1. To make sure I understand, if each residue's beta carbon is the centre and we count other beta carbons within 10 Å, what order do T196, T424 fall in, fewest to most?
2. Taking a ≥ b ≥ c as the square roots of the Cα gyration tensor eigenvalues, with a/c under 1.5 meaning rounded and otherwise prolate when a/b beats b/c, else oblate, which class fits segment 59-203?
3. Can you give the convex hull volume of the alpha carbon atoms of segment 558-671 per residue, in Å³?
4. Beyond a 20 Å Cα-Cα separation, which of these cross-linked pairs lie in this structure: K503/K560; K480/K592; K152/K218?
5. What percent antiparallel are the DSSP beta bridges of the chain, to the nearest 5?
6. What's the whole-number percent of alpha carbon pairs in segment 18-116 lying beyond 21 angstrom?
7. For segment 180-315, how big is the tail of P(r) above 23 Å, as a whole percent of Cα pairs?
8. Calculate how large, on average over all directions, the projected area of the Cα convex hull of the chain is; give the answer in nm² to one decimal.
Amino acid sequence: MMVLTKKMIEIRSMLQKVGQSSSLTLPSIVVIGSQSSGKSSVLEAIVGHEFLPKGSNMVTRRPIELTLVNTPASKDEYGEFPDLGLRHISDFSSIQRTLTELNMAVSNADCVSDDPIHLTIYSPNVPDLSLIDLPGYIQVVGQNQPLQLKQKISELCDKYIQPPNVILAISAADVDLANSTALRASRRVDPRGERTIGVVTKMDLVDPTRGAAILNDKQYPLRLGYVGVVSKAPSSQGLFKMGPANLMSSIAKHENSYFSSHPLEFGPDAGVNVGTITLRKKLMHVLEQTMSSSLQSTSDAIRQELEEATYEFKVQYNDRPLSAESYLAESLDAFKHSFKQFTVEFGRPQMRELLKSELDQKVLDLLAARYWNKPITDLSQAQVEPDHISDLPKAEASSLYWHRQLDASASALTKLGVGRLATTVVSSSLQDHVDQLLNNSNFATHPFARQAILEAASTILNERFYSTSDQVENCIKPFKFEIDIEEREWAQGRQHVGDVLKKELQDCEAALSGLESSIGGRRKLKEVMNFVDKARKGDIVVEGDGRSGAGGFSAALLAKGREAVFLRDRADIIKMRLMAVKSKQCASVKNKYYCPEVFLDSAASKLASTAVLFINVELLSEFYYNFPRELDLRLGRHLTEEEVERFAKEDPKIRRHLEVIRRKELLELVLEKMDSLKQLEGRERERLTDG
Ligand code: GDP
């Protein structure tokens, strides 16, 4: 039949994908032998290619789990290292190089490692087999090798020669079989010789009669018998001229002619097994049988694994189905939904408020620069100390000075680049909101998707940025020449700027008391402030610039003192201006020259409203329309399966969930295959007994 091994090998590689537990190990043929016993030569003769590491310096340091896959339909011969993602290597010397590198990567100090290398070879010329090559036993520990090396190799081999594995024990004919380390190791774990095949190499090095006697050895009788081989080409003349394929066929020819030239000892009637071809057939047959008899126990082990996975799925994940695609789709839908909700909540009024409060700050700066450094006196005399107001201009509304001041302030306000400012404020607010939505979404734990979404937002916003800010700048142009304020607007502005000033006053006072406590009390602060005041008036001469401290105060303390004086003066002025804004004189737009605060506030409101009108069309609506589409583009259909998988697994919880499901599905599939294999087996057995 010989189909079982192939199927089981397929099953094995499926199980390897889910990280097969040791209970699921399917039988393999484990190759053991002393160094130089001819182990590599035998394996290469079976594969028909030279591909194993060569050299005297312990070149096999890790187990090589070698899977041979017979591909009758194709002429192609190639190897693959699935763990390394190396596929379709047709050059066997390259396989040899990779194996050598992987082995030599184990340090000289360790010398052996039990981490296996997986190699699969596909060829029409190999049988379906699963072989494990192990480091050769050594007799003496060499220089630079760890003392326990002998022990380590032997322990590593012991791990692999356990049932249900078949042991291929390699011994050389020119060494007494009683001294064969391989056979001794095998005898320890398989005393009745039930799952060991003895291979005797280098048959050409002993006299044929002696060779035949070795194969008939009764010291350690093996149910599966001994096979004699010759796996070396005749003495090296002209070998280097041969291609690898020729080398192999020359070895086979040499073996064949050696055995057939001694028909008495090795012929069909001699009762001994010889030749690589015989060995190959035996291996196939034995592995098939072993697979067949371990079918039941393996499928029991798989069933148990499956039960565990099913239980975990139920308990941990409530049987909730999940796939990487469905997870991405759901996450994207939920995110788009939350975005939709946001679009309802964030419109013109919200943008206007944002922009207005940005302009409020600009207005405060303008006022401070153009007015507050020279407060208008007659409205506030009562509040301000005489020495603060001595050199201030008198407030005469009719004075051209005040007209020019207000015109210049209004012009500064309209020309500060409102287009750019407004667009920036709205864009960055949108980006902040997207970021917040992300934080509250599934994507919070997915850097890849997060990045894609933030980029989607900034791409759309950047594309519209310049045209939007130009449009806004254009449409506020009229205000650069004239700002007409109606009484209604004036009243609103008066109310609003009053609030802004109050807030500013509070901020000043809070900062002042912050300074007070950082300095260690009101008295101390007062002392420094007094000193700063006096120094400013010139009552005290401060050496240098006071940077290194003066008047018994450290430089840091003086800096705080100066800050406190600034805050106090600003608070005084704001208090004064608040009174002015509240006074009757500021009740009407007619007195606008007395009340620059109200006028500029009203102007800022006009600017904000106009800007928002255009931003709404040019930026916001565009963004609301395009953003969800851009998300679909970036996270939707065109992602490859691997990308979706990688995305989902970024979240460790999702990753575990997906893995349990995958494991469960795979085990179910494997079990199904095993069941049909068992049925096939059963039918075959019936057929044989019937026939
Ligand atoms: P390993 O260390 O057990 O893998 O042994 P190798 O396969 O590298 O063989 C060790 C040495 O024995 C090499 O020089 C081989 O050419 C040689 N050798 C292997 N098999 C035979 C054989 O059947 N006959 C002869 N004469 N030499 C062999």
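Each reported figure results from applying straightforward, stated rules to the coordinates on display, with no laboratory input. In this text, all values refer to a predicted model and were calculated from it rather than measured experimentally. All Cβ positions, glycine included, derive from the backbone under ideal geometry; neighbour counts span all protein chains shown.
1. Ordered from fewest to most neighbouring Cβ atoms within 10 Å, T196, T424 come out as T424, T196.
2. Oblate, since a/c reaches 1.5 and b/c is not below a/b.
3. Given the Cα convex hull of segment 558-671, per-residue volume reads 260 Å³.
4. K503/K560; K152/K218
5. 30
6. So the portion of pairs separated by more than 21 Å is 40 percent.
7. Summing the P(r) tail past 23 Å for segment 180-315 gives 51 percent.
8. Mean projected area for the chain: 51.9 nm², to one decimal.
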